[in-house]
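These notes are about the structure you will find just below.
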Amino acid sequence: EVQLVESGGGLVKPGGSLRLSCAASSFAFNNAWMHWVRQAPGKGLEWVGRITNKGDGGTTDYAAPVKGRFTISRDDSTNTLYLQMNSLTTEDTAVYYCTTIPLGYCSTTRCFGYFQHWGQGALVTVSS
Amino acid sequence: DIQMTQSPSTLSASVGDRVTITCRASQSISSWLAWYQQKPGKAPKLLIYKASNLESGVPSRFSGSGYGTEFTLTISCLQPDDFATYYCQQYNSYSTFGQGTKVEIK
């Protein structure tokens, strides 16, 4: 069974930084295209960004609200996905989910896909 | 950016009811639409992909239809486990979610 387990959430002051991790298991992580999706308290779902697999260039894309502040990376040797978040504001307070599209679903970077497997989420609270 | 609008925002229904949720895209997204179910404190769960394809393990009372800009999710006979919030997602261009539809007990 595919498992995605986020960690690293917590309380951070405005302007601060935080790095989330997502440990993946029971699937070919090195072939997977991985995404981050967030959900502010009591609000809907918002796509944050994605990274393709290394074979497809390890390309990253970001939603406009986080572009230039957030960075997605991956370590295929440890099956771990990362989300580095800098210059955090109160608007970034949310549960952050790592998620993946079906393996082999996309063949071009114009493709985004649907989210088949999700982690349990990590809460990030930005407050002074 | 493609905007997704769901209606209604809240739906009150009883066990056994047939329920329909609508999702409209601001421009054509072909069939690149998915539906998710989310319960409080839990991650979303994929129900439908490519507008009408049922994800493995999802009960057949769930169905999806539509193309272009208008889509529907139908629950044919509402069960107690179905009271939850439902989201549509377009993946034609980047990824955008609808604002959600909460299905509550009447």
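Each reported figure results from applying straightforward, stated rules to the coordinates on display, with no laboratory input. The structure displayed is predicted, hence computed values, not measured ones. Every residue, glycine among them, receives a Cβ derived from its backbone with ideal geometry; neighbour counts consider all protein chains shown.
Matching residues to (1) among the small types (Gly, Ala, Ser); (2) more than 10 Å from every other protein chain (Cβ to nearest Cβ); (3) buried (at least 19 other Cβ atoms within 10 Å of the Cβ); (4) not in a strand (DSSP E or B):
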residue	(1), (2), (3), (4)
B:Thr5	no, yes, no, no
B:Gln37	no, yes, yes, no
B:Lys42	no, no, no, yes
B:Ala51	yes, yes, yes, yes
Scanning for something more than 26 Å from A:Val95 (Cα to Cα), out of contact with any Leu (no Cβ under 8 Å at 6 or more places or on another chain) and of a type in the set (Phe, Trp, Tyr), does the stretch B:56-68 turn up at least one residue?
yes
Is there any pair linking a residue in the stretch B:94-106 that is within 11 Å of chain A (Cβ to nearest Cβ) and under 12 Å from B:Leu33 (Cα atoms) to one that is among the hydroxyl-bearing types (Ser, Thr, Tyr) and outside any loop (DSSP other than H, G, I, E, B), with Cβ under 7 Å and at least six apart or on different chains, and which?
B:Phe97/B:Tyr87; B:Gly98/B:Thr5; B:Gly98/B:Tyr87
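Can you tell me how many residues in the stretch A:84-98 are crowded, with 16+ Cβ neighbours inside 10 Å, more than 8 Å from chain B (Cβ to nearest Cβ) and under 25 Å from A:Ala32 (Cα atoms)? So that I can check it myself, show each step before the final result.
Quick first cut of the stretch A:84-98, residues crowded, with 16+ Cβ neighbours inside 10 Å only: A:85, A:88, A:92-98.
Among the residues that remain, those that are also more than 8 Å from chain B (Cβ to nearest Cβ) are: A:85, A:88, A:92-96, A:98.
Restricting the remaining residues to those that are under 25 Å from A:Ala32 (Cα atoms) gives A:85, A:94-96, A:98.
The number of residues fulfilling the criteria is 5.
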B:Tyr87: passes all of (1) away from chain A (no Cβ under 14 Å); (2) assigned to a strand (DSSP E or B); (3) touching a residue at least 60 places away in the same chain (Cβ under 8 Å) but (1)
Based on this model, can you work out whether A:Tyr114 counts as of a type outside the set (Lys, Arg), on the phi < 0 side of the Ramachandran plot and more than 9 Å from chain B (Cβ to nearest Cβ)?
no
Tell me yes or no: at least one residue of the stretch B:55-65 is under 21 Å from A:Pro102 (Cα atoms) and either of a type in the set (Lys, Arg) or within 11 Å of chain A (Cβ to nearest Cβ) (or both).
yes
Within the stretch A:69-89, can you find the residues that are within 15 Å of the chain's Cα centre (by Cα), more than 19 Å from A:Thr100 (Cβ to Cβ) and assigned to a loop (DSSP other than H, G, I, E, B)?
A:Arg69, A:Asn86
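Got a sec? Which of A:Ser21, A:Ser26 is of a type in the set (S, T, N, Q) and crowded, with 17+ Cβ neighbours inside 10 Å? Don't jump to the end; show me each part of the working.
On the way: A:Ser26 fails: crowded, with 17+ Cβ neighbours inside 10 Å.
Exactly one residue qualifies, and that residue is A:Ser21.
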Here is a check on your reading of the model: is B:Gly16 outside any strand (DSSP E or B), small (Gly, Ala, Ser) and away from chain A (no Cβ under 13 Å)?
yes
Any residue in the stretch B:55-72 that is aromatic (Phe, Trp, Tyr), more than 11 Å from the chain's Cα centre (by Cα) and part of a loop (DSSP other than H, G, I, E, B)?
no
